[in-house]
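Data block below; observations after.
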Amino acid sequence: MKDLTGIVIPTGDFEQDIKRVRKAFEYNRDNYFGKVPYIISGIGPDINEALTSRKAGQDFHMALWNYMTGVSKRPFGVDINSLNSEDNLVNTFPVGQTGKYAIVSYSLHLLRFRLLGKRLKKKGAMSKDVQIEYVPTKSFFKQTPREIIYETLAWGKMLLNPALQSIREFRNNFFKDWEHK
């Protein structure tokens with residue numbers, strides 16, 4: 001088994017964060033003897049604020065930092081700039097970075113990460129030189145209604161954004177040379 005460079009834990013609501021951290025520790029222990037460093041990615045306000053008790057600007061890194069330093073002897077990094085899953089990928093895997101990483105989250109979220117990763121690599125916004133393993137915290141069929149609702153909204157936003165961008169570009173280009181007389 002090839003060594004991992006790091007295990008990425010994207011943040012969401014605190015309950016999910018703790019599940020992801022526990023799964024990351026378990027995966028690290030069972031597959032890499034607990035020797036792989038961790039990366040916590042993302043603190044930004046997002047749709048979790050509407051679906052959970054998360055409050056705007058609340059720093060989940062501090063709570064995760066305290067939790068992880070209490071149970072982990074491995075070093076870990078923190079990405080404080082990411083606001084969403086796309087940012088998680090761009091900021092954690094900047095162009096030119098190499099290595100093999102694991103991302104830990106629930107199944108539908110990992111599927112979205114996979115699609116976003118392909119899209120970002122194609123656009124040149126994310127390193128093409130990283131390999132990513134996707135580690136689910138639970139099986140697809142055991143996801144909660146809240147996770148399904150969240151992912152439905154997130155997938156809708158992800159799929160609509162390129163279409164809306166194309167419409168905006170068409171509109172701007174169509175009327176660019178239009179003069180009112």
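Tabulated values for the structure
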item	result
Residue identified as at pLDDT 80 or above and within 13 Å of the chain's Cα centre (by Cα) among L153, L110	L110
Of the criteria (1) modelled with pLDDT under 60; (2) crowded, with 17+ Cβ neighbours inside 10 Å; (3) under 20 Å from L110 (Cα atoms), which one N28 fails	(1)
Residue within the stretch 118-130 that is in contact with a Phe, Trp or Tyr (Cβ under 8 Å, 6 or more places away or on another chain), closer than 30 Å to E15 by Cβ and at pLDDT 80 or above present	yes
Residue satisfying all of: in the stretch 3-43; among the aromatic types (F, W, Y) and either touching a Ser or Thr at 6+ places or on another chain (Cβ under 9 Å) or part of a strand (DSSP E or B) (or both); nearest to A102 (Cα to Cα) among these	Y38
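The values are calculated or read from the model by the stated rules, or taken from the named source; none is laboratory data. Note that the coordinates shown come from a computational prediction; the quantities given were computed from them, not determined experimentally. All Cβ positions, glycine included, derive from the backbone under ideal geometry; neighbour counts span all protein chains shown.
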